[in-house]
């Protein structure tokens, strides 16, 4: 449980820096351009992926019946969403989804799966007042025992993380 508290604190601090928002003023700093939204999404993506791998490696023990790091990080997603109007969503790309909610359902998500499974680092879309970026999350050999249980090799596979940020009107 200690790792969850540590992770939430670290992500909270980083998110405030990335989103350039002071506590108590969640909506005033919406990205003013697609380039700004992209930069924020990339930094948030890298933060979440690094945290996921670090928490999994350092704190998660399969035989201790602990919450999966990706599931625990979803509570961080909810907190950031409430305070900063950013949305996160795990996306199954290669291998077995650990939750049916991670399967692609929209046209954007289905295209993101196609692009990410083809080896691209990201897929993005701008529309309806928001920027969406699906970024590749590497499933390393330690991830594969659950995500690809009947694998023939330990080569890395891909999952995805979708980050959606509102854009300032007129962007």
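For this structure, a couple of remarks:
- Residue exposure sequence - 155, 109 - by fewest surrounding Cβ within 10 Å: 155, 109
- Burial ordering of 139, 68, fewest other beta-carbon atoms within 10 Å first: 68, 139
- Fewest-first ranking of 128, 46, using other Cβ atoms within 10 Å as the exposure measure: 128, 46
- The calculated FRET efficiency for residue 57 paired with residue 100, based on their beta-carbon distance and R0 = 25 Å, is about 0.45.
Computed from the coordinates by the stated procedures, all read-outs in this text should not be read as laboratory data. None of these values were measured; they are calculated from a predicted model. FYI the Cβ positions are ideal-geometry reconstructions off the backbone, even for glycines, and counts take in every protein chain you see.
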